[in-house]
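What follows draws every value from the coordinates through simple rules; no lab data is involved. Treat the numbers as computed from the prediction; the structure is a model and nothing was measured. Cβ coordinates were reconstructed from backbone atoms using ideal geometry, including for glycine residues, and neighbour counts include every protein chain displayed.
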Amino acid sequence: MDKASGIEQLRDLFLLRMHEPEGAEHPYYTTGSIIGAALLRVAVIVTALLLLNERYGATKWWWTIALFALWGIGAYPAWVQYRRFNESVDKMTEGTLCGSCRHFNPTNLLCMVLDEHVTSEAPPCEGEAWEPKQS
Ligand code: SF4
């Protein structure tokens, strides 16, 4: 499958799809991309709200609508996506060799030794650099 172009990646980031696009490289969403998408959406919403406020003036419902827009369009999709991301991290932590390794960083699904994203199929180091987590 072809890799997504820069514009397609930006569109996916802005839309913050609930499921990874078909053919996406794994992992498609990480904590950083989710936060980045939320900030981008909030920035666009705030800009739109300020422009509309300039043009039409604030009414008594204006800031209530603004807060609902910021939460419902800006932050809520990111929150839902973050919960889904955490569920996938939990699955990986429980079901893979990397999940039980001390070099696995669950924040971005990264192997800190190889600086590579970990997939659910096989450890990039083929198990050679695995070390148990310390409790
Ligand atoms: S060192 Fe190997 S087992 Fe540990 S996280 Fe990296 S790839 Fe996975």
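How large is Rg over Rh for the range 96-135, taking Rg from the Cα atoms and Rh as the Kirkwood inverse mean of 1/r across Cα pairs?
On the way: Rg = 8.8 Å, Rh = 9.8 Å.
Radius of gyration relative to Kirkwood radius: 0.90.
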Q.
Between Glu126 and Ala69, how high is the FRET efficiency from 1/(1 + (r/R0)^6) when r is the Cβ-Cβ distance and R₀ = 35 Å? Nearest 0.05.
A. 0.10
Q) Which whole-Hz ³J(HN,Hα) couplings does the range 85-90 yield from phi under the Karplus relation 6.51 cos²θ - 1.76 cosθ + 1.60, θ = phi - 60°, glycine and proline marked x? A) 4, 5, 5, 5, 5, 4
